[in-house]
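Engineer: Can you read through this structure? Questions will come right after.
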């Protein structure tokens, strides 16, 4: 088995992969800053409407279903759920796409219509 480049987590000192963004042992983000100071992006993968919940879930490391339920309940209970979602939709940009050829896969062509 080939050796994998590794580094130590600055928070728990466990050995992790060099390309890790989050420590698998303590759950700490290894990027500079915390989720509140980094730029928030909407996600193109796993989105249902605008990618706001998927982007926030990715940023904070929580389940997207929890965030979607929070926005729905915030709207139904009479809170600002819908207004907050729309504001985030307008303010948050999409995550910049990867350069061509770096893991990007062209979508499969759709089958012809049966009629």
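The values are calculated or read from the model by the stated rules, or taken from the named source; none is laboratory data. Quantities reported herein were computed from a predicted structural model and do not represent experimental measurements. With ideal geometry, Cβ positions are generated from the backbone for all residues, glycine too; neighbour counts draw on all protein chains shown.
Engineer: One residue is enough: does region 17-40 have a residue meeting the conditions under 28 Å from residue 97 (Cα atoms), part of a strand (DSSP E or B) and at pLDDT 85 or above? Lay out the reasoning, then the answer.
Structural biologist: Taking region 17-40 and keeping what is under 28 Å from residue 97 (Cα atoms), we get 17-24, 27-40.
Applying the additional criterion that residues be part of a strand (DSSP E or B) yields 17, 22, 29.
Filter again for at pLDDT 85 or above, leaving 17.
Yes, region 17-40 has at least one match.
Engineer: Also: Could you check, for region 19-38, whether at least one of its residues is in contact with a helix residue (DSSP H, G or I) (Cβ under 8 Å, 6 or more places away or on another chain) and in contact (Cβ under 8 Å) with a residue 40 or more places away in the chain? Spell out how you get there, then give the answer.
Structural biologist: Going through region 19-38, the residues in contact with a helix residue (DSSP H, G or I) (Cβ under 8 Å, 6 or more places away or on another chain) turn out to be 35, 38.
Pick out the ones that are also in contact (Cβ under 8 Å) with a residue 40 or more places away in the chain and you get none.
Checked against the condition, which is being in contact with a helix residue (DSSP H, G or I) (Cβ under 8 Å, 6 or more places away or on another chain) and in contact (Cβ under 8 Å) with a residue 40 or more places away in the chain, region 19-38 yields no hits at all.
Engineer: I would also like to ask the following. Given the structure, is residue 44 touching a strand residue (DSSP E or B) at 6+ places or on another chain (Cβ under 9 Å), farther than 30 Å from residue 8 by Cα, part of a loop (DSSP other than H, G, I, E, B) and at pLDDT below 85?
Structural biologist: yes
Engineer: May I ask you to list the residues in region 5-16 that are in a loop (DSSP other than H, G, I, E, B) and in contact with a strand residue (DSSP E or B) (Cβ under 6 Å, 6 or more places away or on another chain)?
Structural biologist: Within region 5-16, just 9 meets the criteria.
Engineer: Exposed (fewer than 10 other Cβ atoms within 10 Å of the Cβ) and either at pLDDT 80 or above or farther than 25 Å from residue 21 by Cα (or both) - does that describe any residue in region 76-85?
Structural biologist: yes
Engineer: Please pick out the residue among 56, 73, 69, 88 that is loosely packed, with under 12 Cβ neighbours inside 10 Å, at pLDDT 85 or above and outside any loop (DSSP other than H, G, I, E, B).
Structural biologist: 73
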